[in-house]
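What follows is one structure encoded as structure tokens, with my remarks underneath.
The values are calculated or read from the model by the stated rules, or taken from the named source; none is laboratory data. Not measured: the values here are computed from a predicted model. Here the Cβ positions follow ideal geometry from the backbone for every residue, glycine too, while neighbour counts run over all protein chains shown. Note: areas computed on protein heavy atoms with side chains; ligands, DNA, RNA excluded. Shrake-Rupley method; radii C 1.70, N 1.55, O 1.52, S 1.80 Å.
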Amino acid sequence: MPLPALAEMQPVPVDGDETFLPGFTCLPPASGTSAPITCEAVISQVLPPFRFDLFWEMDEAAGERAITRIAIRQQDGAEPFQVIENVDSRTFPDIENNGFEVIDLNFDGDFDFRLLAQTTAGPNVLYRNWLWSPRDQRFETSGILDEIVSPEFDPDTQEITSRWRSSAAEGGVDIYMWDEGVPVIIHRETDRYSERGCTRIFYDRIEGKLEQTGEGKCN
């Protein structure tokens, strides 16, 4: 069964090339089979579409689908140009494609991809992230990005926003920016709850360190 046409995806404006249409479509395996999840994606203005085969197995005891391997090839290529092992993505089967998503994670104009790391009922969501390397023509894992909770990516400000909760009495928001290929936290707001109410504490990056810069009431 063919994947939905890439041409049907909604365009994302890219300066200098109005024909660039990043995005992806996925085809889950037929019910009752162990065939891979197959996704096709456009990640670049200059590269052909890629095909991602997500190989998986069921952990019956946990009731989870674990992605064991990802084979990536050009859409019409006979052999993969990259195979990723030790994927470490485990979710309940009702989560489509283990959360596979194509997105520009480092704001360099080439799109990258990620998977959910695990199923969670709480607000702290972790992903497994791979960045496209134009130099090496392959995807590279980003361990530091993997550690950022519930990241949201804003291409306009080129900031990563992480909304997290450490306990019922404390949560907050972290803001990151990329610095020489590494996401660096530049601002934090922490809400702390007590019998007296909620206090918001502000932190900013000063001379390479996150320093407390103020506090006030929570909004």
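Numbers below:
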| quantity | calculated |
| --- | --- |
| With DNA, RNA and ligands ignored, accessible area of I95 (1.4 Å probe; Å², nearest 10) | 40 Å² |
| Solvent exposure of the chain as accessible area per residue, Å², 1.4 Å probe | 57 Å² |
| Segment 143-185, relative contact order [Cα under 8 Å, separation at least 6], % | 30 percent |
| Computed accessible area, E211, all protein chains, 1.4 angstrom probe, square angstrom | 80 Å² |
| The chain - charge dipole about Cα centre, Lys and Arg +1 at Cβ, Asp and Glu -1, debye rounded to 20 | 560 debye |
| Per-pair calculated FRET efficiency, R0 = 35 Å: T120 and E79 via Cβ, rounded to 0.05 | 0.45 |
| Inter-centroid distance (Cα atoms) of segment 21-37 relative to segment 191-216, Å | 44 Å |
| Simple spin-label estimate for E207 and T141 in nanometres, 7 Å along Cα-Cβ | 3.7 nm |
| Cα gyration tensor shape of segment 78-193, rounded if a/c is under 1.5, else prolate or oblate by comparing a/b with b/c | oblate |
| Ranked packing of 85-94, 29-38, most packed first, by mean Cβ within 10 Å | 85-94, 29-38 |
| FRET efficiency, 1/(1 + (r/R0)^6) with R0 30 Å, evaluated for R165 and D108 via beta carbons | 0.45 |
| Accessible surface ranking that places the most exposed of I43, I185 first, with a 1.4 angstrom probe | I185, I43 |
| Sequence-separation-based contact order of the chain, relative, with Cα cut under 8 Å and 6+ spacing, percent | 9 percent |
